[in-house]
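The values are calculated or read from the model by the stated rules, or taken from the named source; none is laboratory data. Since the structure is predicted, the reported quantities are computational estimates derived from the model, not experimental observations. Using ideal geometry, Cβ is built from the backbone for each residue, glycine included, and neighbour counts are taken over all protein chains shown.
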Amino acid sequence: MAKHGSIIEELERERANIDQLWAGLGGRQVRVHAVGGSKAVVTTEYVDGLKQASNALNKAITALRNMDI
């Protein structure tokens with residue numbers, strides 16, 4: 001993990017952030033309102049996108065770990 005250790009750690013942190021967002025939504029439809037922004041409805045499509053992003057990060061992390069072996 002010496003070559004890509006810092007990159008792997010950053011990817012793992014971001015994956016954890018995505019996992020928290022995904023778990024918090026839990027497939028429900030929710031309304032969000034960002035400060036200064038317009039209201040938006042977050043649907044299962046958003047949750048699916050977060051899950052796909054998390055899966056992509058998992059693959060990237062695995063690939064980098066395999067390169068460091």
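Overview of results
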{"item": "Every pair of residues 6+ apart whose Cβ atoms lie under 8 Å, when the first sits in region 43-69 and is modelled with pLDDT under 90 and outside any helix (DSSP H, G or I) while the second is of a type in the set (A, V, I, L, M, F, W, C) and exposed (fewer than 13 other Cβ atoms within 10 Å of the Cβ)", "result": "D68/A2"}
{"item": "Residues of region 1-24 that turn out to be at pLDDT below 70 and either of a type in the set (A, V, I, L, M, F, W, C) or part of a strand (DSSP E or B) (or both), as a count", "result": "2"}
